[in-house]
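Below is one structure; the comments refer to it alone.
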Amino acid sequence: MNMMQTISAPTPLIEISRLSKRYSRGETVVPIFDDLSLSIPCGRFVALMGPSGSGKTTLLNMLAGIDRPSGGMLSIDGERIDRYGEAALAGWRARTLGFIFQFYNLMPMLTAAQNVELPLLLQPMGASERRRRVETALDVVGLADRMKHRPRELSGGQQQRVAIARALVADPKLILADEPTGDLDRPSADRVLEILRLLSSELGKTIVMVTHDPVAARAADLTLHLEKGRFVDEAIAA
Amino acid sequence: MRMSTLVARNALRNPVRLVLMVACIAIAFLIFGVLSAVGAAFRMEDQPGAHERVMIVNRNGLQQTLPIAYLADIRQQPNVAAATPVRLAIAYWREPKDVLSAVMVDPAIYLTLSEDSAVVSAEDRARFVATRDGLLVGQALATRNGWKRGDLVTLQSLNDLRTDGTRSWSFRVAGIYRAAKPGGPELAVAGHYDYFNDALLTGRDRANWIMVQGRDVTANDAMARAIDASYANSAAATRTQSEAALGRAFLSQIGDVVLIIRLVVGAAFLVILCIVGNTLIFMVGERTREIGVLKTLGFSGGRVARIVVGEVALITLAGAAVGMSLALLIVTAVASATKDMLPGLAIGPTTLGIAALLAGGLVLLTGLLPVVKAARLDIVTALGRV
């Protein structure tokens with residue numbers, strides 16, 4: 001069955017058609033999802049929910065170009081990334097994608113500013129321009145005064161905000177977040193969601209966030225529920 | 001921040017491990033540096049003229065001598081520019097424990113042949129050549145014994161007897177030489193062959209070797225073959241070879257030093273290769289998740305590989321630099337103490353070049369597996385590890 005989820009808007013950033021993913025374990029083929037279709041326009045903040053094993057993280061990984069579909073079409077910003085090789089995907093991620101992990105995944109030996117600067121090392125720009133962007137990104141997440149701090153000197157919430165600054169510093173069109181509030185207390189989680197909301201509404205970033213938390217999902221424009229590899233409903237946030 | 005900052009921060013994140021790895025590599029290069037310097041000194045690589053001068057010795061070994069009558073024939077060889085007999089006299093002055101090396105030579109020719117290793121003033125040259133009992137003394141030896149030009153010095157021979165039944169030869173200090181190379185040997189003496197020979201009771205008219213300077217260095221091999229062919233059927237057959245080759249032949253009497261050095265250095269590097277390689281693989285394994293994160297941010301496999309190679313190179317080159325610096329310090333310190341026994345003990349450009357090649361090879365070999373592992377790491381698998 002082809003379940004098409006479309007959010008009415010003129011220019012879709014993400015287009016998925018008849019996407020499938022299967023894993024082979026020995027002679028057994030385990031389907032994660034099959035015949036999945038979706039279209040998300042630019043500037044939307046979408047929450048992806050579902051029970052464990054529903055395929056939401058796998059879908060997120062495919063949107064990030066770090067996992068490959070078994071079949072179907074996957075286009076982001078007009079680029080058929082399902083056809084890209086590893087090197088092309090790396091280049092595409094560097095210029096199009098920002099990624100926020102559940103456990104922050106900051107480099108422990110680098111300062112907050114250096115962690116944020118990492119994606120800019122892949123961009124053709126000078127040191128002064130990189131510094132300006134890093135300062136701006138840390139300012140956006142409210143950590144301009146913590147630039148010299150190392151991850152171990154920051155709280156979990158602050159580390160996640162550094163990770164958000166890292167995801168947005170290269171000005172990507174798409175930001176993917178894998179349970180960004182899953183490891184945070186409520187006030188820190190609310191602060192992170194507020195920033196993500198801001199990135200979408202004020203800066204026009206398209207955000208896809210995997211979450212188990214209904215409160216977090218309410219920050220999004222739209223929540224998609226994935227169960228057993230299929231979208232079961234949709235809801236657009238008020 | 002530059003990519004090199006990332007490399008340096010990675011290398012410095014575990015200081016204890018870094019120090020141990022650098023120390024490990026440094027020890028290998030220290031062994032290499034010191035042993036190579038010793039090997040080069042044995043091969044006389046750094047001594048100018050060692051390859052150009054030709055030495056004629058008895059084919060049966062350095063303990064045997066040659067008749068001085070050969071000298072006139074050898075001087076007739078077309079490529080021979082100059083030739084001097086060298087009679088080795090092991091002697092002492094005052095205390096038997098202060099043994100010194102004395103060579104009895106044709107003074108004028110010896111001065112010419114030794115120009116590359118000993119510096120002698122024109123006055124001293126003339127005085128040494130003109131004085132039948134004249135002695136040319138190394139500056140260090142003269143300073144140590146308080147000898148001045150004109151002093152009468154009596155040397156006691158350990159091996160040779162005079163016709164008067166004594167072992168005493170009196171010489172007059174005619175000149176003082178300085179080593180051409182700073183720190184070079186200055187503890188030997190040279191006297192007139194005729195003066196020494198005329199007083200000998202036994203072993204007269206013999207030379208331990210004949211030192212020859214060829215007119216054309218490229219013709220030395222042909223000259224050597226011609227000389228050896230001339231005496232092939234005589235009672236004292238000759239072996240003619242370069243001074244450097246003679247040094248090697250001498251050492252071969254106590255064992256193949258170069259082979260021993262190569263084996264020790266090879267074993268040291270093999271052990272280091274295993275230790276460092278294993279540690280680097282472990283290090284990359286430890287950072288699997290971080291590599292996955294870098295790749296998610298857009299770092300390609302090649303770029304991640306370059307970061308790992310950079311780290312391996314940084315650690316290896318630091319170890320090599322520390323090891324070779326220590327080797328230089330040790331060799332310099334030892335060289336001044338052993339300059340007479342082992343002249344030319346130094347770490348030369350050849351050894352430094354080989355060290356650089358070894359460091360490069362070590363980076364390639366130890367870095368190969370970790371780099372391939374990092375470059376090919378699947379992101380989903382990497383991020384799945386905590």
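The values are calculated or read from the model by the stated rules, or taken from the named source; none is laboratory data. Just so it is clear, the structure is predicted and the values come from calculations on it, not from any experiment. Cβ sites come from the backbone with ideal geometry, for glycine too, and all protein chains shown count toward neighbours. The area values use the complete protein model at the heavy-atom level, side chains included, leaving out ligands, DNA and RNA. Shrake-Rupley method; radii C 1.70, N 1.55, O 1.52, S 1.80 Å.
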Kindly indicate the residue of region A:159-190 that is more than 11 Å from the chain's Cα centre (by Cα) and basic (K, R) and also least open to solvent (accessible area, probe 1.4 Å) among those meeting that condition. A:R166
Residue count, region A:163-192, condition β-branched (V, I, T) and either within 13 Å of another protein chain (Cβ to nearest Cβ) or part of a loop (DSSP other than H, G, I, E, B) (or both), comes to 3
Among all residue pairs at least 6 apart or on different chains, which show Cβ distances below 9 Å where the first residue, located in region B:66-77, is in a loop (DSSP other than H, G, I, E, B) and the second is among the acidic types (D, E)? B:I68/B:D205; B:A69/B:D205
Residue match in region A:100-110 (condition: in a helix (DSSP H, G or I), at pLDDT 90 or above and farther than 21 Å from A:M209 by Cβ): no
Selection count, region B:172-182, where residues are outside any loop (DSSP other than H, G, I, E, B), open to solvent by 30 Å² or more (accessible area, probe 1.4 Å) and under 29 Å from B:A335 (Cα atoms): 1
Any hit, region B:359-380, residues being in a helix (DSSP H, G or I), in contact with a Leu (Cβ under 8 Å, 6 or more places away or on another chain), more than 10 Å from every other protein chain (Cβ to nearest Cβ) and of a type in the set (V, I, T): yes
Which of (1) more than 14 Å from chain B (Cβ to nearest Cβ); (2) open to solvent by less than 40 Å² (accessible area, probe 1.4 Å); (3) over 19 Å from B:G298 (Cα atoms) is the odd one out, the single condition A:I32 does not satisfy? (1)
Top-ranked residue in region A:1-20 [being open to solvent by 20 Å² or more (accessible area, probe 1.4 Å) and part of a strand (DSSP E or B); ranked as modelled with the lowest pLDDT]: A:M3
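Yes/no matrix, rows are residues, columns are (1) surrounded by fewer than 16 Cβ atoms within 10 Å (Cβ to Cβ); (2) under 24 Å from B:V22 (Cβ atoms); (3) at pLDDT 90 or above:
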| site | (1), (2), (3) |
| --- | --- |
| B:V308 | no, yes, no |
| B:V312 | no, yes, no |
| B:M324 | no, yes, yes |
| B:D340 | no, no, no |
The condition of being surrounded by fewer than 18 Cβ atoms within 10 Å (Cβ to Cβ) and within 10 Å of chain B (Cβ to nearest Cβ) holds, among A:R80, A:R68, A:R93, only for A:R68
Within the bounds of region B:150-171, is there any residue that is under 21 Å from B:A108 (Cα atoms) and open to solvent by 50 Å² or more (accessible area, probe 1.4 Å)? no
Count of region B:124-138 residues which are buried (at least 24 other Cβ atoms within 10 Å of the Cβ) and not in a strand (DSSP E or B): 1
Does B:I291 fit the bill of being within 14 Å of chain A (Cβ to nearest Cβ), modelled with pLDDT under 90, open to solvent by 10 Å² or more (accessible area, probe 1.4 Å) and in a helix (DSSP H, G or I)? yes
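Table: residues versus (1) of a type in the set (A, V, I, L, M); (2) touching a strand residue (DSSP E or B) at 6+ places or on another chain (Cβ under 7 Å); (3) surrounded by 22 or more Cβ atoms within 10 Å (Cβ to Cβ).
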| residue | (1), (2), (3) |
| --- | --- |
| A:V192 | yes, no, yes |
| A:I195 | yes, no, no |
| A:V208 | yes, yes, yes |
| A:R218 | no, no, no |
| A:D221 | no, yes, no |
Looking only at region A:123-157, which residues are open to solvent by less than 30 Å² (accessible area, probe 1.4 Å) and of a type in the set (A, V, I, L, M, F, W, C)? A:V134, A:A137, A:L138, A:V141, A:L143, A:L154
Which residue pairs have Cβ atoms under 8 Å apart, sit 6 or more places apart or on different chains, and have a first residue in region B:2-20 that is within 7 Å of another protein chain (Cβ to nearest Cβ) and a second that is exposed (fewer than 13 other Cβ atoms within 10 Å of the Cβ) and modelled with pLDDT of 85 or more? B:R13/A:P108
